Every structure is written in C-alpha cells, then in structure tokens.
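A.B. asks: Could you have a look at this structure, given as structure tokens, before my questions?
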Amino acid sequence: MPPERTRADDDITKDDSSDALAGAAPAQAADTWTWSTATHPAGAASIGPLGWGTAGGGVYLWRGVYYIPGVGHIDQPLGTWREEKETGTGVLGRVAYTTYDGKPALPDIGLISTGTTPVPPTVRVSATWSNAMVIDVAHPGDITQGLALCHSGTSPQTMAAGGYRCGTMGFDCSPPSTQCQLSVPASGGDSGGPVWDYAPGGIKLYGWITGAGFGYTSFVPTWAVQNHVWTESQSWRSWGYPPGNDGTGCFVTAAGCVRS
C-alpha cells in the first residue's frame, strides 16, 4: 500500500464574507487583470499574500465560462479572489467551485473563474519557460507505472530547483481513481501546481498537486475535474455557477477543446 498522504500546504483561514449578484460569471474576473509580462492567466503563479499554494495550470471551459483548474484546499473559499504574486502582479479570478470543506476531500479539486473572455492555454512550468503551450491532457490509460512526469510549483524548494521537479509514476492510475502518485517530492507552497510531461511544441497536462509524503507527490488527475459532479455547497450559485455536471466541460489546448 502507498504511504499515507499528507497535505502539502496548511489550510487557509476561511473568509465567510458573501458577495451575491445574480446572473452569469462576474465580469470583474475578465476585466481587471493587470498581468506583468512574466505571467500568463493559465498559471502557475504563487497565490495569496503568504504563499499559500500555486495556482493550477491549464484552462477548463464549461458553459461558455473559462476556469483555471487546481485543488480545492487552495481554491477556497467560494467567491474569494485568488491573487497571484512572485511571477507578476494581478488576480486570477474568483473561486467558483471547490471541494474544500475544512477537512481533506477526495477528490481535492477547485475551479477559479476567469470570466467569458477566452484564456490562452499556456502554463508557466519553470523559471525560464513561462508560456508552455498545452498540447493535450491525460486520458484514461495514459498514467502508468514508470511514466516520467514533472511538477511545477512556487515553494522555495521547487523554485530553487528551477521551478519544477521530475520523477516517475509509482503506480498505474486510471478512473475512477482521483489521486495519483509521482515519485518526486513536493513542498508546502506547491499545492495546486501542474503535473505535466513534454509534448511536441509544449506540454501534456496530467493534473495538479494535492499533497506530499516521504519522496512522493500526490496529484489529482485531469479526469477528476472533468467527471466531478458538483454539489450545491461546492458551487457559487449566487453568481450563476450551477451545481451538477452536464458532460460538456473540456480542457482548452492548442488543438482545440478536448476531454480527458
């Protein structure tokens, strides 16, 4: 059996303030970005004033709204702005969906809404490669024992290694599993960062860091985001983000929108 998983980041203090505005996704999420030339809306940036975690990489499209996928214990609480630092200045958007409930959740996922303006599928995967194009995402059967993958993050340890670290898969991972294991460590501040492999012209996106143990990193695979049925308590309904899952969500790539 694999060792017990531990979260890579401390919980964020919950903000119980509520903003309510009926209608579709908030326009602010698409209109108030002040990105520096060092960042891209698709991540991966350090979020929160105290370096709580890393904004996920990639772009998810559902019902005409664009999201940055990541993990629930970073993408929380509902409605909160996710501010980024270190790789630039600005905001990522509002947390529209999250599985965070104050205790470990499986799957540990979240979606940051960036509004209805298209977001380019580029990801900051290292200190020197800030605009890697997402070529594809993981599909069932892709994640096999021994597969070489890398993860990116903004912890001091990962940043000292160039912004990314690489290892191999310790086990096969396929649906319905919502946690996979990569045999390279992650550190506090890496949670939410992308897990990826090189692909011609860019990267293939496999998932997002959820936690770490001795010598390994846990990550939630792409299909866990795509297949999750959001409950009412996990959805920011008052701003027009519906619960459930109508099966139309997809990941934006250089080749178009694809499903995991």
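The values are calculated or read from the model by the stated rules, or taken from the named source; none is laboratory data. Owing to the predicted nature of the structure, the values given are computational and were not obtained by experimental measurement. No Cβ is skipped: glycine too gets one built from the backbone with ideal geometry, and neighbour counts run over all protein chains shown.
A.B. asks: Looking only at the range 98-121, count how many residues are more than 12 Å from the chain's Cα centre (by Cα) and either farther than 16 Å from E84 by Cα or among the basic types (K, R) (or both).
C.D. replies: So the first thing to find is which residues in the range 98-121 are more than 12 Å from the chain's Cα centre (by Cα), and the list is 99-107, 114-121.
With the extra rule that they be either farther than 16 Å from E84 by Cα or among the basic types (K, R) (or both), the set shrinks to 99-107, 115-121.
Qualifying residue count for the region: 16.
A.B. asks: Filter the range 95-115 down to the residues that are part of a strand (DSSP E or B), in contact with a Ser or Thr (Cβ under 8 Å, 6 or more places away or on another chain) and small (G, A, S) and list them by number.
C.D. replies: Quick first cut of the range 95-115, residues part of a strand (DSSP E or B) only: 95-98, 110-115.
So of that shortlist, the ones also in contact with a Ser or Thr (Cβ under 8 Å, 6 or more places away or on another chain) come out as 95-97, 110-111.
Within the range 95-115, A96, G110 meet the criteria.
A.B. asks: Residues G163, G170, G211: which one is touching an Asp or Glu at 6+ places or on another chain (Cβ under 9 Å) and not assigned by TED's automatic domain parsing to the domain that holds I112? Show your work before the answer.
C.D. replies: Details: G163 fails: touching an Asp or Glu at 6+ places or on another chain (Cβ under 9 Å); G170 fails: touching an Asp or Glu at 6+ places or on another chain (Cβ under 9 Å).
Just a single option satisfies the conditions, and that option is G211.
A.B. asks: Grab the strands (runs of 3 or more DSSP E) fully contained in the range 179-260, keeping just those with 1 or more residues being in contact with a helix residue (DSSP H, G or I) (Cβ under 8 Å, 6 or more places away or on another chain) and modelled with pLDDT of 95 or more. Please lay out each step first, then the result.
C.D. replies: On the way: elements: 180-182, 194-199, 202-213, 216-221, 250-253, 256-258.
Strands (runs of 3 or more DSSP E) meeting the threshold: 202-213, 250-253.
A.B. asks: Looking for whichever is touching a residue at least 60 places away in the same chain (Cβ under 8 Å) and more than 25 Å from T248 (Cα to Cα) here; the options are G162, G215, G192, G170. Which one fits? First the steps, then the outcome.
C.D. replies: Numbers: G162 fails: touching a residue at least 60 places away in the same chain (Cβ under 8 Å); G215 fails: touching a residue at least 60 places away in the same chain (Cβ under 8 Å); G192 fails: more than 25 Å from T248 (Cα to Cα).
Going through G162, G215, G192, G170 in turn, just one is touching a residue at least 60 places away in the same chain (Cβ under 8 Å) and more than 25 Å from T248 (Cα to Cα): G170.
A.B. asks: Would the range 110-123 turn up any residue that is touching a helix residue (DSSP H, G or I) at 6+ places or on another chain (Cβ under 6 Å), farther than 30 Å from G201 by Cβ and modelled with pLDDT of 85 or more?
C.D. replies: No, that holds for no residue.
A.B. asks: A148 versus (1) modelled with pLDDT under 95; (2) not assigned by TED's automatic domain parsing to the domain that holds L61: which is the lone unmet condition?
C.D. replies: Status for A148: all satisfied but (1).
A.B. asks: Restricting the range 152-176 to residues that are within 17 Å of the chain's Cα centre (by Cα) and in a loop (DSSP other than H, G, I, E, B), which is surrounded by the fewest Cβ atoms within 10 Å (Cβ to Cβ)?
C.D. replies: Applying the filter and picking the extreme gives G163.
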